[in-house]
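Heads up: the structure comes next, in structure tokens.
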């Protein structure tokens, strides 16, 4: 199979739970040295996992000193315990969708899994929406669910995580792929923080799911 590459949709859309602060230490510092000092001051380097992760990310890939830098860096440094589809637990990545409906389907799926794990009938959570431009050429595996079933496995990341980490290790920008949660949806994972630019916060949404049903209710909130 010959690899093909494509640019990411413009813009891409990402939903982040509203309980996480929109502004952090990466937004306000000007140099790598300043950032290291501030991280030590606020105790970030006392968090073993965060310290290990930022050391896995070369300093020339850190983003700082501009609005929403902390949102980007948090995606790489604060990682789900088991990792996600195209990254393991050692270092995160930036996941986004080609449209807001797909982004809502993705977070709604994980919210529903949380409801099931907690043994509750339903859950609601508020999210902030961001749009961003993703630079680079991404490995395009859209339309390959039949030929790469292990990469697209709905309930397992056993094959997709090593696949994604190999792309990261080789210097690749990331992967464009079909959404497993919404038919005709497009997702992209960016493995390079410096490729994520023009990040803007847009709307707020409340997403509600039922443990026993696959429907997702996404309601845009008025400000």
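Does residue 100 fit the bill of being crowded, with 23+ Cβ neighbours inside 10 Å and under 22 Å from residue 138 (Cβ atoms)?
Numbers: crowded, with 23+ Cβ neighbours inside 10 Å: no; under 22 Å from residue 138 (Cβ atoms): yes.
No: the conditions fail for residue 100.
From the list 119, 92, pick out the single residue that is more than 23 Å from residue 183 (Cα to Cα) and in contact with a strand residue (DSSP E or B) (Cβ under 8 Å, 6 or more places away or on another chain). First the steps, then the outcome.
Details: 119 fails: in contact with a strand residue (DSSP E or B) (Cβ under 8 Å, 6 or more places away or on another chain).
Residue meeting the stated conditions: 92.
Please work out if residue 139 is part of a strand (DSSP E or B), closer than 26 Å to residue 17 by Cα, touching a strand residue (DSSP E or B) at 6+ places or on another chain (Cβ under 8 Å) and touching a residue at least 40 places away in the same chain (Cβ under 8 Å). Show your work before the answer.
Working: part of a strand (DSSP E or B): yes; closer than 26 Å to residue 17 by Cα: no; touching a strand residue (DSSP E or B) at 6+ places or on another chain (Cβ under 8 Å): yes; touching a residue at least 40 places away in the same chain (Cβ under 8 Å): yes.
Judged against the criteria, residue 139 is not a match.
Does residue 111 satisfy the condition of being part of a helix (DSSP H, G or I), touching a residue at least 40 places away in the same chain (Cβ under 8 Å) and more than 14 Å from the chain's Cα centre (by Cα)? Give the derivation first.
Values: part of a helix (DSSP H, G or I): yes; touching a residue at least 40 places away in the same chain (Cβ under 8 Å): yes; more than 14 Å from the chain's Cα centre (by Cα): yes.
Here the answer is yes, as residue 111 does meet what is asked.
Residues 211, 190, 218: which one is surrounded by 13 or more Cβ atoms within 10 Å (Cβ to Cβ), in contact with a helix residue (DSSP H, G or I) (Cβ under 6 Å, 6 or more places away or on another chain) and closer than 16 Å to residue 103 by Cα?
218
Can you find even one residue in region 9-20 that is in contact with a helix residue (DSSP H, G or I) (Cβ under 9 Å, 6 or more places away or on another chain), assigned to a loop (DSSP other than H, G, I, E, B), at pLDDT 90 or above and buried (at least 18 other Cβ atoms within 10 Å of the Cβ)? Don't jump to the end; show me each part of the working.
At the first step, the residues of region 9-20 found to be in contact with a helix residue (DSSP H, G or I) (Cβ under 9 Å, 6 or more places away or on another chain) are 12-17, 20.
Remaining after also requiring assigned to a loop (DSSP other than H, G, I, E, B): 20.
Those still in the list that are at pLDDT 90 or above too: none.
Looking through region 9-20, none of the residues is in contact with a helix residue (DSSP H, G or I) (Cβ under 9 Å, 6 or more places away or on another chain), assigned to a loop (DSSP other than H, G, I, E, B), at pLDDT 90 or above and buried (at least 18 other Cβ atoms within 10 Å of the Cβ).
The values are calculated or read from the model by the stated rules, or taken from the named source; none is laboratory data. All values reported here derive from a predicted model rather than from experimental measurement. As a convention, Cβ positions derive from the backbone with ideal geometry for all residues, glycine included, and neighbour counts pool all protein chains shown.
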